[in-house]
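What follows is a set of notes on a single structure, which appears directly below.
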Amino acid sequence: MKRVQFSMIFLLVNFAFINAQVGINNPSPASTLDISAKNPTGTSGHTDGLLIPRVDRQRAQSMSAVPVSTLIYINSIATGTLAGTAANIDAVGFYYFNGTVWTKLITSLNMYNADGTLTGPRTVTTNGHLLSLVNGGNNVKITTTATEAALSANGSSRGFLNLVGGSSNIDFYVETTGIAQFNSSGNSTKLSIGSTNATPLGLKTNSIERLTVLSNGNVGIGTTAPNTPLEISSGTANVSGTRLTNLNAASPISTGQTLGVDDFGNVITVANPTAASVTTASVNSTTGASFNVNDTTVTMVPGTSQPITIPTGGKALFINFMLGIDYGSNPAGSGSSYYEARLYIDGVATDCYMRTQEYGPGGFSAQFSFNTVKFLAAGNHTIDVRMTRTFNNGVASGANMLCVPISLSFNATYLN
């Protein structure tokens, strides 16, 4: 029996050398070794297949001068160590020798039911098709087309995108209630929004840009081209567009300066005015000197000449004059003439005067009074009141009427 077996082996080897192809259960091998199942079909209980040598990790680790592509099956890792040629043998399974270490034969993984590890970059080409990850009514969609790349998250209660760095978070989400939010959370220390190049930052509502920050830091509200660190355009003439809700006309006044605007609309501080002081030149008398009045000359009322020094910029002068007199003589025709008191500034008659007619023959009284405002330029000035007879009405020309003051008040006042 042994002689027959050896003969068959020698015959098989000799046949292999001659044909360079060996078939088992196959008279016409298609490769160097072609093994066909003894029972390729049917319900036979016989075992068909190829049994690879089965060794433990220690045995594989101990092998030396192993040819490249040698195939073994590790049936135990209870022995040996993850070192040397066995550095990759960490589980039961098929291994082949790559010339340096035993390498695991990895079977294909189904991404739907098994985890895996990428050993290098991978690219998925969608050819314009949509990739969706769906759980009921919720989905995440990845789209790449010739003109668009998009990532969409659609949730039945919330669409949510969360970026995490350490314990800091940025959350983007939209609620089904319509609220859209962009928040930082966790241990975030700052939420910085802006650009890293020389482009402006804009915030808009209803498709209209409402706030603009230029690359130089200028902020515009209602304008996209602010010329100052803060520029507000209300869009309505004579309306600033600024309201201080907790500072209004009823707020208590404290120390500080007044705010105003210049010709360009810039907000500026206006120096607080100093407390007003009153400068007055006046005479008030009940014992004024008597004087004569006629139609040929203009006579200054004694005591009315007042020097006034006006400061730089000029001042508006408030002038008040009151004179009560008795006519002390009785020239022919007395009781019918007209007498006039007029304001003079620097010796020049002004348009401010009062004219009265005598009430009767000499001995009757008369009242003169006027009030006016005159602007005087800076410098020294003199004001006074002068009288003349403007209509003789029977009184001879040149005849004097004696005027005896009963009272005299003449005031010139301006505010500093």
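Odds and ends about this structure:
Residues are listed down the side, and each one gets a yes or a no for (1) in contact with a strand residue (DSSP E or B) (Cβ under 8 Å, 6 or more places away or on another chain); (2) under 19 Å from PHE182 (Cα atoms); (3) polar (S, T, N, Q):
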| site | (1), (2), (3) |
| --- | --- |
| THR196 | no, no, yes |
| LYS204 | yes, yes, no |
| ASN218 | yes, no, yes |
| ASN227 | no, no, yes |
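- Of residues in the stretch 8-52 being within 30 Å of ASP90 (Cα to Cα) and surrounded by 10 or more Cβ atoms within 10 Å (Cβ to Cβ), the one modelled with the lowest pLDDT: ASP48
- Residues of the stretch 98-149 that are of a type in the set (D, E, K, R) and loosely packed, with under 10 Cβ neighbours inside 10 Å: ASP115, ARG122, GLU148.
- Residue in the stretch 189-248 that is farthest from the chain's Cα centre (by Cα), counting only those that are more than 24 Å from PHE264 (Cα to Cα) and charged (D, E, K, R): LYS190
Per-residue answers, yes or no, for (1) crowded, with 17+ Cβ neighbours inside 10 Å; (2) of a type in the set (A, V, I, L, M); (3) at pLDDT 95 or above:
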| residue | (1), (2), (3) |
| --- | --- |
| ILE345 | yes, yes, yes |
| ASN371 | no, no, yes |
| GLY379 | no, no, yes |
| ASP384 | yes, no, yes |
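- Taking the stretch 122-173 and the strands (runs of 3 or more DSSP E) fully enclosed by it, the elements with 3 or more residues that are in contact with a strand residue (DSSP E or B) (Cβ under 9 Å, 6 or more places away or on another chain) and of a type in the set (Gly, Ala, Ser) are at 149-154.
- The one condition in (1) over 25 Å from THR372 (Cα atoms); (2) surrounded by fewer than 13 Cβ atoms within 10 Å (Cβ to Cβ) that THR312 fails to fulfil: (1)
Per-residue answers, yes or no, for (1) under 20 Å from PHE291 (Cβ atoms); (2) in contact (Cβ under 8 Å) with a residue 60 or more places away in the chain; (3) of a type outside the set (Phe, Trp, Tyr):
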site	(1), (2), (3)
THR309	no, yes, yes
VAL348	no, no, yes
GLN367	yes, no, yes
HIS381	no, yes, yes
MET401	yes, yes, yes
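- When each of SER282, SER234 is tested for being hydroxyl-bearing (Ser, Thr, Tyr), out of contact with any helix residue (DSSP H, G or I) (no Cβ under 7 Å at 6 or more places or on another chain), at pLDDT 85 or above and not in a loop (DSSP other than H, G, I, E, B), the lone residue that passes is SER282.
- SER334 in contact with an Asp or Glu (Cβ under 9 Å, 6 or more places away or on another chain) and modelled with pLDDT under 95: yes
- Among (1) under 14 Å from VAL298 (Cβ atoms); (2) surrounded by 15 or more Cβ atoms within 10 Å (Cβ to Cβ); (3) out of contact with any strand residue (DSSP E or B) (no Cβ under 6 Å at 6 or more places or on another chain), the one test that GLU358 misses: (1)
- Filter pass, GLY165 being closer than 30 Å to ILE268 by Cα and either modelled with pLDDT under 90 or surrounded by fewer than 11 Cβ atoms within 10 Å (Cβ to Cβ) (or both): no
- Residue within the stretch 234-247 that is surrounded by 12 or more Cβ atoms within 10 Å (Cβ to Cβ) and either touching a Gly at 6+ places or on another chain (Cβ under 7 Å) or among the acidic types (Asp, Glu) (or both) present: yes
- Verdict on ASN113 being part of a loop (DSSP other than H, G, I, E, B) and either among the small types (Gly, Ala, Ser) or at negative phi (or both): yes
- The condition (being assigned by TED's automatic domain parsing to the domain that holds ILE308, among the hydrophobic types (A, V, I, L, M, F, W, C), in a strand (DSSP E or B) and without any contact (Cβ under 8 Å) to a residue 60 or more places away in the chain) is satisfied by just one residue among MET354, MET387: MET354.
- Test: residue in the stretch 82-97 that is surrounded by fewer than 10 Cβ atoms within 10 Å (Cβ to Cβ) and in contact with a Ser or Thr (Cβ under 9 Å, 6 or more places away or on another chain): no
The values are calculated or read from the model by the stated rules, or taken from the named source; none is laboratory data. The shown structure was predicted, so the numbers you read here are calculated from the model rather than taken from an experiment. Positions of Cβ are backbone-derived with ideal geometry, glycine not excepted, and every protein chain shown enters the neighbour counts.
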